[in-house]
Amino acid sequence: MKCAACRKKLFRYRKIGQGEVHRCHKDRIVRMVHARERPDGLYCACGCRVGMDRGSYYTMVKKAVTYSGEKINK
Ligand SMILES: [Zn+2]
């Protein structure tokens, strides 16, 4: 998972199933890289909020992240 603003790697995520990664379960986050956990959500080191904390998972801000494991059509 990367930050769309600065393209830094946020964290490594073990994706299960098809489709977009909208919900990131915390127990599937393999390793935090540039992501920073704050009480109100998940932030990139550049200051962009990339996800909202929902307890056991994060709801990712769609426009704020890119997932490098999938083809991204632009
Ligand atoms: Zn960033």
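The values are calculated or read from the model by the stated rules, or taken from the named source; none is laboratory data. Note that the structure is a prediction, hence the values are computed from the model and not measured. Glycine also receives a Cβ, built like all others from the backbone with ideal geometry; neighbour counts cover every protein chain displayed. All accessible areas refer to the heavy atoms of the entire protein, side chains included, with ligands and DNA or RNA removed. Shrake-Rupley method; radii C 1.70, N 1.55, O 1.52, S 1.80 Å.
Restricting attention to the range 1-12, the residues that are near the ligand (Cβ under 10 Å from one of its atoms) and of a type in the set (F, W, Y) add up to 0.
Scanning the range 18-57 for residues that are among the aliphatic types (A, V, I, L, M) and open to solvent by 60 Å² or more (accessible area, probe 1.4 Å) yields V30, M32. Note on the range 13-68: residues that are away from the ligand (no atom under 16 Å from the Cβ), in a loop (DSSP other than H, G, I, E, B) and more than 9 Å from the chain's Cα centre (by Cα) amount to 12. Tallying residues that are surrounded by 15 or more Cβ atoms within 10 Å (Cβ to Cβ), of a type in the set (A, V, I, L, M) and modelled with pLDDT under 95 within the range 1-17 yields 1.
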